[in-house]
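Note sheet for the following structure.
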Amino acid sequence: MSDTAGRLTDVASEVDAWAFALGKELDERGENLHNGSPADSDSRFAYERMGAAGIIGLGWPRDLGGREMDPVDVVKIEERLGYHWLPLCGYLLSVKTIGNTIMKFGTPDLIARFIPDATAGRIMFCQGFSEPEAGSDLASLRTRAVKQGDQWVVNGHKIWTSSAEIADWMYLAVRTDPALPRHKGLSVMLLDMHAPGVHVDVHHTLGGGTFGEVLLSDVDVSADNILGEVNGGWTVLMGSLDFERVTSEKVGVALWVLDQLDEVAERTHRRSLLALRGELEACRRLGHEATRLIANGDRVSRVSSMCKLSVSLAMQKAAALIVEILGPQALVERGPAVRAAGRLAAFHRSSVSMTLAGGSCDIQRKVIAQQGLGLPR
Ligand SMILES: Cc1cc2nc3c(=O)[nH]c(=O)nc-3n(C[C@H](O)[C@H](O)[C@H](O)COP(=O)(O)OP(=O)(O)OC[C@H]3O[C@@H](n4cnc5c(N)ncnc54)[C@H](O)[C@@H]3O)c2cc1C
C-alpha cells in the first residue's frame, strides 16, 4: 500500500483490491473453507499480510507505521474488511482492541516496544480476561500477580482465550492487591506467551474455530509491562472493552450475508431484508458515534454497548433469515448442495457466539440501563 495521505476513498479502493487478492490466496491455501469458517492459522496469515500491506494501525501516527487516518474512517475500512469475509480475529484482538488500548494507556516505552511490531504484523496478542469463576463478573477474577523485585510472578487460569495458541503476547487482567475492594485491586499487564510457565490447551468450538485454555504457573512478567497504573487496571479494562464493542466489522459480514440472500429472496422476504438493512445502518452509525466519543475522550460505554447489543441482535436476525429464505439446505456444509462456499452455514453456526463474546447481551443492557439511563444498580 502506498504512503499517501489516508483519504478514505483512496484507502478503501486499495483495501478492496488487496482483500480480494488475499481472499483468493486464502482459498488457494485451501484452509479458508473449513466448513466456511476461517482456521486460526488463516487468521495469523491474514494478519501478517495486513501488516505487509500497511493496513494495520491506519489511525496511528506515521512514525509508528500508521497512516493517521480519522478514527471513524478506520472503522469504515473495518466494515469493508468484514464484508470481504477475511479471517480478522488476529487483527481485531491485536489492533482494534489491544493495540488501541496500548496507544491510549501505554507509556512511551510500551508504545515504542509493541506498536511498530504490531503495525508490521509481526506480533499478535490474545486477551486474558475470563476465568472459570469470572465471566460477566470480571471483577471477581482470581489470577494473581505478586511483586518480587522488578518482576511480577503470575499464577492463574484463563479460559475462552481466542487465538491463545497463535498469539505472542497476552493482554492479561490480574489481581495485584487482594486487600483492596474487588474493582480496585486489579492490574493489566502484557505477558509473553512463549515464557516458561505458560501452558495452552486448545478446544474446538461449534462455530468452527478454537478457544485456548491458558494455565499460568509462576510466569515472570517485567514490571515495565504493566499497562496503566498498578491496581488501576479497571479503567484500562473498561477502555479496551469500549474499543472491542464497536463491532463494525460484523456489520460488514452481515451485509455480505444479506447481499447473498437478496439474490435468491422471494418478494415476501424483501420487507424483512430491507428492515434488517435499516437496522444494520443504525448499527454502523452507533459504531461511528462511539468511535467519535472515544477519540474525544468522552464517556462512551453506553454507546459502545448499544453498538455491541444492536449488532449481536441483528446477526441473530440475519442467521434466522438464512434459514427462512433458503430452507434447511442453507445449513449444508459439504458436498455439491453447499451454498456460498459454506459461509452462510458458518455464519449461522457462529452468530450465536456474538451474544456472549465481548460481554453478553444482558451485560450490554445493564451498561445501557445504568450508564445511559441512570437506572439504579
Ligand atoms: C466467541 C467468543 C470469544 C471469546 N473470546 C474471549 C477472549 O479472547 N478472552 C476472554 O477473556 N474471554 C473471551 N470470551 C469469553 C466471554 O467474555 C464470556 O463468555 C462472557 O463474558 C460471558 O461470561 P461467561 O461465559 O462466564 O458467562 P456468565 O458470566 O456465567 O453468564 C451466563 C449467563 O448469565 C447472564 N448474566 C451474567 N451476569 C448477569 C447479570 N449481572 N445480569 C443479567 N444477566 C447476567 C449472562 O448474560 C449469560 O447469559 C469469549 C467468548 C466467546 C463466545
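The values are calculated or read from the model by the stated rules, or taken from the named source; none is laboratory data. The shown structure was predicted, so the numbers you read here are calculated from the model rather than taken from an experiment. We place every Cβ from the backbone using ideal geometry, glycine too, and count neighbours over all the protein chains shown. Surface accessibility is based on the protein's heavy atoms, side chains included, excluding ligands, DNA and RNA. Shrake-Rupley method; radii C 1.70, N 1.55, O 1.52, S 1.80 Å.
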Open item on the list: Let's see if you can work this out: charge +1 on each Lys and Arg Cβ, -1 on each Asp and Glu Cβ, no other charges. What is the dipole magnitude of the range 245-372 about its Cα centre, in debye to the nearest 20?
Closed with: 300
Open item on the list: Calculate the FRET efficiency for Gln151 and Arg122 from the Cβ-Cβ distance with a Förster distance of 25 Å, rounded to the nearest 0.05.
Closed with: 0.50
Task: Dipole of the chain, positive direction: furthest Cα of Ala275, Ala134, Ser351, with charges on the beta-carbon - done: Ala275
Open item on the list: Which three extents, in angstrom, do the Cα atoms of the chain have along their principal axes, listed largest first?
Closed with: 68, 50, 41
- [ ] Please give the contour-minus-distance gain from Leu215 to Leu8: 0.36 nm per residue of separation, less the Cα-Cα distance, rounded to one decimal in nm.
- [x] 70.3 nm
TODO: Whole number please: convex hull volume per residue, Cα atoms of the range 162-305, in Å³.
DONE: 159
Open item on the list: Given a 1.4 Å probe and heavy atoms of the protein chains only, how would you sort His199, His204, His157, His269, largest accessible area at the top?
Closed with: His204, His199, His157, His269
Task: Inter-centroid distance (Cα atoms) of the range 93-107 relative to the range 172-211, Å - done: 16
Task: the range 111-186 - Rg and Dmax from Cα coordinates, angstrom - done: 14.0, 41
Open item on the list: On a 26 Å Cα-Cα criterion, which of the cross-link pairs Lys158/Lys366; Lys24/Lys250; Lys250/Lys366 come out too long?
Closed with: none
Open item on the list: For a quick check of understanding: with a 1.4 angstrom probe and all protein chains in place, what accessible area in square angstrom does Trp169 have, to the nearest ten?
Closed with: 50
Open item on the list: With N set to the number of residues, divide the alpha-carbon radius of gyration of the range 8-123 by 2.2 N^0.38 Å and report two decimals.
Closed with: 1.04
TODO: For the range 245-372, count all C-alpha to C-alpha pairs, find those more than 26 Å apart, and express that count as a whole percent of the total.
DONE: 27
Task: Whole-Hz ³J(HN,Hα) from phi, Karplus 6.51 cos²θ - 1.76 cosθ + 1.60, for the range 352-367, glycine and proline x - done: 5, 5, 5, 7, 10, 4, x, x, 5, 4, 4, 5, 4, 5, 5, 4
- [ ] Calculate, in whole percent, how much of the Cα-Cα pair population of the range 143-243 lies beyond 20 Å.
- [x] 38
Open item on the list: With a 1.4 Å probe and all protein chains kept in place, how do Tyr91, Tyr83 rank by accessible area, largest first?
Closed with: Tyr83, Tyr91
Task: Order of exposure, largest accessible area first, which applies to Ser13, Ser360 with probe 1.4 Å - done: Ser13, Ser360
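In debye, nearest 20, what is the charge dipole magnitude of the chain about its Cα centre with +1 on Lys and Arg Cβ and -1 on Asp and Glu Cβ, if you could check?
Here the chain has a charge dipole of around 1260 debye.
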Open item on the list: Tell me which GluC sites (Glu not before Pro) from the range 262-366 have a DSSP coil assignment and no more than 11 other beta carbons within 10 Å of their own.
Closed with: Glu266
Open item on the list: Which residues does the label zone of Leu206 cover in the range 333-377, counting backbone N under 12 Å from a point 7 Å along Cα→Cβ?
Closed with: 348-356
Task: Within the accessible area of the range 127-236 (1.4 Å probe), percent carbon and sulfur - done: 51
- [ ] Could you let me know the centre-to-centre spacing of the range 234-307 and the range 330-351, using Cα atoms, in angstrom?
- [x] 23
- [ ] Just flag the trypsin sites (Lys or Arg not before Pro) in the range 123-216 sitting in loop per DSSP whose Cβ has no more than 15 other Cβ atoms within 10 Å.
- [x] Arg142
Task: In Å², nearest 10: area of Phe45 left accessible to a 1.4 Å probe - done: 30
Open item on the list: Can you give the FRET efficiency to the nearest 0.05 for Asn296 and Ala337, using r as the Cβ-Cβ distance and R₀ = 45 Å?
Closed with: 0.35
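Tell me, what is the FRET efficiency for Ala320 and Asp63 to the nearest 0.05, using R0 = 51 angstrom and their Cβ-Cβ distance as r?
0.60
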Open item on the list: Using each residue's phi in the range 182-192, evaluate 6.51 cos²θ - 1.76 cosθ + 1.60 at θ = phi - 60° and report the 3J(HN,Hα) Karplus result to the nearest Hz, with x for Gly and Pro.
Closed with: 2, 6, 9, x, 9, 9, 10, 9, 9, 10, 6
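Under 11 Å from the Cβ of Leu309, count the other residues' Cβ atoms, weight Lys and Arg +1, Asp and Glu -1, and hand me the total. Intermediate values should be presented prior to the final figure.
Values: positive: Arg245, Arg302, Lys308, Arg365, Lys366; negative: Asp362.
Taking every other residue near Leu309 into account, the sum is +4.
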TODO: Work out from phi, with θ = phi - 60° and the Karplus expression 6.51 cos²θ - 1.76 cosθ + 1.60, the ³J(HN,Hα) of each residue of the range 301-313, listed in order in whole Hz, and give x for Gly and Pro.
DONE: 3, 5, 6, 5, 5, 4, 4, 4, 5, 5, 5, 4, 5
